[in-house]
Amino acid sequence: MKLNPQLDQLPVYHGGRPLEEVARELGLPAADLIKLASNENPLGPSPKAIAAMRDKAAEVHLYPDGNVFYLRQRLAEKLGVTPANLIFGNGSNEIIEFVSRAVLGPGTNIVVSQYCFAIYPIAAHLAGADCISVPAKEFGHDLAAMAAAITPETRIVFVANPNNPTGTRASNEAVMDLVNRVPDEVLLVMDEAYFEFIDDAPDLLPLISKKQNLLVMRTFSKIHGLAGLRVGYGIGHPDFVAALEKIRQPFNLNAMAQAAALAALEDDKHVQSTRKNNAEGLRFFENAFSDMGIETVPSHANFILAKVSDGKTVFEQLQKIGIITRAMGGYGLPDWIRISIGTPLENGRCLAALADLR
Ligand SMILES: *Cc1c(COP(=O)(O)O)cnc(C)c1O
């Protein structure tokens, strides 16, 4: 067979290791392990979402609503946009694929930051496009330098704000500057997967109806605790959204996922407890690491980067005792591990284990 040549150099994306997989390897019950590897919600899904899925379970012999009617209506209402501004993806990862297929091809490029979310370059290379990576500034995106790096061949600028894996965020002023500087023919994707964890995020939605080249991405995977269901969405100009709709498979959002996401939207209490647990957990790790003389990057998301000298070794040592974190070598940060914020119990156990290793 002749494979597409762009597959030759393409790495396989490795996510955080699943609990069951590590449990099998260690010969331990999965319940004894903790996973702080994929920025999931340690409080679990909203109870309202679980109830909605139970109700929906008896109906899964039917295809889902391909137009995602109810979730679309309610989300549009909550966001103050129109239903035609929304595109749903099987996780926001799928939206990254949609935009890549819509505008990238051989001879084009994307602009990203050093330490960017790993999926952006993979999606670009898969489409045969190049990737311009702009050096980070104190682990964060240098948005002015990214704007300056745009070439006539650039089709997309990807910015995650806050960013994964660094947890850094750009100032609202820098974001607005970037929005204004990106030329009309270049798509700016603002990936706001961790938007709900910050209090004073830039308000980009009022710009959506004016700027065809702006797409904001959000997800139910993080704050809403529905990562296993795969629900993400893009908010963009109706004309661009209509173009992306041609790429989307008709039933990409399954029926259980639609029901759960709709219910999760109505659970402010769960969102607030998640934010509170996260803020406290972040503070716990920041203080403890500072006391221990372990360097961290100030985080605005639901995880923290810690400089542990040899990230791969520490990751493996923690894993052996049932604590799954993420080694950062693949991101060019071999000295660091990324720890997702867990429950107080999980955070304490992870910290104690790290202290033991020193
Ligand atoms: C977790 C994450 C997403 C969300 O991915 P889903 O496919 O919606 O689960 C998107 N972007 C970034 C930067 C992330 O860290």
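Brief remarks on what is shown
- For region 47-264, the Cβ-based charge dipole about the Cα centre amounts to some 540 debye (Lys, Arg positive; Asp, Glu negative; other atoms uncharged).
- Between region 21-40 and region 144-172, the Cα center-to-center distance that results, in Å: 34
- Working from Cα pairs under 8 Å separated by at least six residues, relative contact order for the chain is 23 percent.
- Cβ-based net charge around A160, under 13 Å, with every Lys or Arg adding one and every Asp or Glu removing one: +1
- Site pair L7 and E185 shows an inter-label distance of 3.3 nm when each label is modelled 7 Å from Cα along Cα→Cβ.
- With a simple spin-label model that places each label point 7 Å from the Cα along the Cα-to-Cβ direction, the separation between F69 and A57 comes to 2.6 nm.
- Residue with peak Gaussian network fluctuation, the chain [Cα springs, cutoff 10 Å], from G225, G293, G236: G293
- Region 297-326 and region 199-215: distance between their alpha carbon centers, rounded to Å: 34
- Annotation note: trypsin sites (Lys or Arg not before Pro) in region 239-317 located in DSSP loop regions with a Cβ neighbour count of at most 11 within 10 Å are K246.
- Taking D199, D267, D65 as the candidate residues, the one with maximal mean-square fluctuation in a Gaussian network model of the chain, Cα springs under 10 Å, is D199.
- Distance histogram for region 203-358 (every C-alpha pair counted, 10 angstrom bins, percent rounded to whole numbers): 9, 29, 28, 23, 10, 1
- Computed FRET value (nearest 0.05) for E153 with I198, which takes r as the C-beta separation and R₀ as 30 Å: 0.35
- Helical mean residue ellipticity (222 nm; -39500 (n - 2.57) per DSSP H run of 4+; nearest 500) of the chain: -11500 deg cm²/dmol
- Rg(Cα)/(2.2 N^0.38 Å) for the chain, N = residue count: 0.98
- Region 313-327 residues near the modelled M292 label - backbone nitrogen below 12 Å, point 7 Å along Cα→Cβ: 314-315, 318
- Applying the criteria of a DSSP loop state and at most 13 other Cβ atoms within 10 Å to the GluC sites (Glu not before Pro) of region 35-101 yields E59.
- Projected-area average for region 28-86 over all orientations - Cα convex hull basis, square nanometres: 6.8
- Net charge of neighbours whose Cβ lies under 14 Å from the Cβ of D65, counting Lys and Arg as +1 and Asp and Glu as -1: +3
- Over every Cα atom in region 106-236, the radius of gyration and the widest Cα-Cα span, Dmax, amount to 14.0, 40 Å.
The numbers here are math on the coordinates, done by the rules we state, and not lab data. Being a predicted model, the structure only gives us computed values, none of them experimental. As a convention, Cβ positions derive from the backbone with ideal geometry for all residues, glycine included, and neighbour counts pool all protein chains shown.
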